[in-house]
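The values are calculated or read from the model by the stated rules, or taken from the named source; none is laboratory data. Here the structure is a predicted model, which means the values were calculated and not measured. Cβ placement follows ideal geometry from the backbone for every residue including glycine, while neighbour counts extend to all protein chains displayed.
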Amino acid sequence: MNNDELITKLKTIIAPYIQDEEAFKNLSEDTDFVKDLKINSANLVDIILDIEDEFDIRLENDDMEKMLDVKSAMAIVTSKLNK
Amino acid sequence: MIGNDIVDLSEAQRASNWQRPRFLKKLFSEAEQHYIKTSHNPFVMVWRLWSMKEASYKLYTQLNPSRFYNPKEFQCSIKGNKGTVRFKDFKCYLETKTTSNYIISEARLEPNKLTSTIVKFSTTSHKEQSAVLKSKLLNRFGIEYHLKKREFNIPFLSNGKDNFNISLTHHGNYGAYAIA
């Protein structure tokens, strides 16, 4: 999977939880889940669970700790898929 | 130093499903899952523990400026409406208030009464809610104060000379501010 495909999949996962449409339209690797998309921190765990289901991977506590922006989510998914 | 966190219970009901597979395991320790399983109202217990973790995280990051997502390691123990949260070698004291509409927790380094001022919003826009909460806080404190953010988005009030640590929270239709 290339980066564009990965971002597209992540966008679909994130969409139900965003509270800032404008930031979501302009989503890039630098977009922050909480600061930019205003996702409630209680929903970050839903994004993590949705990512696990979508890519059939499991994220550990250490992975979760960094899951604050699109870039980190991409890096974590990529590293899990390459294992 | 102070951290607070509010959970709007109807928003929690609408926007989260604590019963989805692996949800509890990702966020709560074995001991916390036990609190939830043995509670007469597991839903309320889930969000009480969550608000305690969030309030403690806000206090922790005032002392240790940083950003991360590790709610599970903020380990709660509760007694009545009070509790403590430990994270590594950090420990803080919590008081929680539960109503039929919301749950609010406040974290301090020493045991203290809950002091947060609750705000009920008439708007659902995240931006407008932030603005309302901010103006209520500044009205209370005096117009010579400004709301500022440190690195990692940590808020404080300043009049250019004196600084006060504060904590802001909003969720669903409710918000709250607390001044240390």
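You will find that of A:T12, A:T8, A:T31, the residue that is in contact with an Asp or Glu (Cβ under 9 Å, 6 or more places away or on another chain), surrounded by fewer than 15 Cβ atoms within 10 Å (Cβ to Cβ) and either among the hydroxyl-bearing types (S, T, Y) or modelled with pLDDT of 95 or more (or both) is A:T12 and no other.
Residues that are touching a helix residue (DSSP H, G or I) at 6+ places or on another chain (Cβ under 9 Å) and in a helix (DSSP H, G or I) within region B:49-67 comprise B:L49, B:W50, B:K53, B:E54, B:Y57, B:T61, listed in sequence order. Only residues that are touching a helix residue (DSSP H, G or I) at 6+ places or on another chain (Cβ under 7 Å) and under 30 Å from B:Q13 (Cβ atoms) were counted across region B:137-153, and they come to 0.
Filter region B:99-116 down to the residues that are in contact with a helix residue (DSSP H, G or I) (Cβ under 8 Å, 6 or more places away or on another chain) and within 11 Å of B:I6 (Cβ to Cβ), then identify the one that is surrounded by the fewest Cβ atoms within 10 Å (Cβ to Cβ).
B:N101
Just so you know, in region B:1-33 the residues that are of a type in the set (D, E, K, R) and in a helix (DSSP H, G or I) include one that is nearest to the other protein chains (Cβ to nearest Cβ), and it is B:K26.
In the set (1) in a helix (DSSP H, G or I); (2) within 11 Å of chain B (Cβ to nearest Cβ), the condition left unmet by A:Q19 is number (1).
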